[in-house]
Amino acid sequence: MFLFSFWKHFNHNLYLCPVIRRVLLFTLVILFLQEPLTLFCQLNTRSQDAVHSHSTESLIIQEFKLLNGLKILMVPTNLDSGIVVNLLIKSGSNKDSIDKLGLAQQTAQHLIFNNQKEQQRVLKALEIKLTVDVLPDSTIFRAVLFPERLKLFLKMLASSLTNPVVKLGMEKSVKNQTSIDDRVPEGLQLPHLYFKRAIFGDHPYGRIPREVKVSPKDLYQFLSNHYIPNNASLIVVGSFSPKFLIKEIRENFGPWTKKDLLHFTYPKFPRIDKLSIQLFSDEENSAQSGIVFGHTVPSRSSDDFYSLQALNLILGGFSNGSRLSKAFSTKKINYQFIDSQIEFYELGGLFRVLAKIPSEAATSALTTIIESIENLKQFPVTVSELELAKKNLLALEKARLNSIYSIADKLTMMELFSLSKNPLENFPDELQNLTAGQLQRTAKLYLSTTRAVTIIRGIDERTFKDLNSLGSFEILTIPDLINVP
């Protein structure tokens, strides 16, 4: 919506009118005088090296903060002719109340896309690509634009944040889509939602989408509580003049009013004392089964972050070269999909194994998953496995410095999780110095086959009997596939 409102008041015709130009200039002066101390509390400049096209280019990361709390990270670079602007709001779907699931998503969409046809027309005319992602811990607006559009875009963005406008109207029903994970293949999305519900419980990370009613008052309240400068960071990467950018940010974002942050107390993750196997059949394809197995892991700030990533690659992330794929092939389990994944959030994370197999192989597949995880804990990884994992992780780190888009996203994630910027300076020593013993210790510490949850979709009577014969697991049937709290 900010594009429409700004464009409506500041189109080219206005710039042709000297009177209006003087009024605008006078207004900006008044705003600046109202906050004369909106200067930079700190300015921290560091030189970094980035690898691009087999050459080394110097990157300068500049950090500063306005007195209203807005933090800015700037990286002037010629890696690309364009500019990426990321606005990070450190509030996401975890701030939705239980009776207003999807409010964070609707607020973000309303801010920029309320008048969709007009917005798309203006964006296309300005050649600005603008998207928004609402994640559990954050809302991230991403804009890709040409350098000559930077000044105008910053004015647009600041205008919407300093003077948010919510259109009056009736409540509308919306369905929250933020729980849908694009890393989970079709056929496993529903089991994955139940899996998250089981391991996260009443915590917002475990919520299942539903249809709710959202009013203009709800949108305005969310904007007022969370879209505030001391809850935000602005990341700019690309071809621009730092002096010019500092001036524009000071003038446009200085009037953004600082407020006290709301503090939330979240429910604890449920304690799982034994393997919980939860079954359901949606009758879509009785010949195919889906398995989601896993549990919670530490948050992104964990010292074992790289060890967990390496373990995950060795277990299931190497495609046909992973331990899971080899074990499934050895047992002649005709799998359609097999993978292990780790996601890290601010307050915790999840480890999961995903499998799509024939229904008759469900019990054998679950047994193989359990055995593969236990082997990681009992036997050290091989030298070749370790080196391959380190090579892949290092390649991923290098790729994140090869474009303005990936640099902006990396800085955004570091800012969200309050991480050191050292990974941009040197590849983490923890990653290069990983050992087989360290990985085994991490596996014993964090990976479990007894305090875990398994959701199986597409069961039959034989599968139920086979699972009961495995041992004293907790086996439940999910009774209702729609009305889950």
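Where a number appears in this text, it was derived from the coordinates with a stated rule and is not lab data. These figures come from a predicted structure and were not determined experimentally. In this analysis, Cβ positions are derived from the backbone assuming ideal geometry, glycine residues included, and neighbour counts consider all displayed protein chains.
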For region 251-376, calculate the relative contact order in percent as a whole number, restricting contacts to Cα pairs under 8 Å that are 6 or more residues apart.
29 percent
I need the semi-axes of the equivalent ellipsoid of region 215-367: take the C-alpha gyration tensor, multiply each eigenvalue by 5, square-root it, list largest first in whole angstrom.
45, 22, 17
How big is region 267-345 along each principal axis, measuring the range of its Cα positions in Å and listing the largest first?
41, 34, 21
Pull up the cross-link candidates among the lysines for K444, meaning alpha carbon to alpha carbon under 18 Å and not fewer than 8 places away within one chain.
K274, K377
Over region 289-439, what portion of Cα pair distances is larger than 24 Å, expressed as a whole percent?
38 percent
Pull up the DSSP beta bridges for region 276-477 and report the antiparallel fraction as a percent, rounded to 5.
70 percent
For K151, go through the lysines and keep the ones whose alpha-carbon is under 22 Å away, minus same-chain ones fewer than eight residues off.
K8, K65, K71, K124, K129, K243, K247
Give, as a single signed number, the net charge of other residues whose beta carbon lies under 13 Å from the beta carbon of N375, with Lys and Arg counted +1 and Asp and Glu -1.
+1
Residues other than I140 with Cβ under 9 Å of its Cβ, Lys/Arg counted +1 and Asp/Glu -1, net out at -1
By the scheme Lys and Arg +1, Asp and Glu -1, what is the net charge of all other residues having a beta-carbon under 13 Å from that of R149?
+1
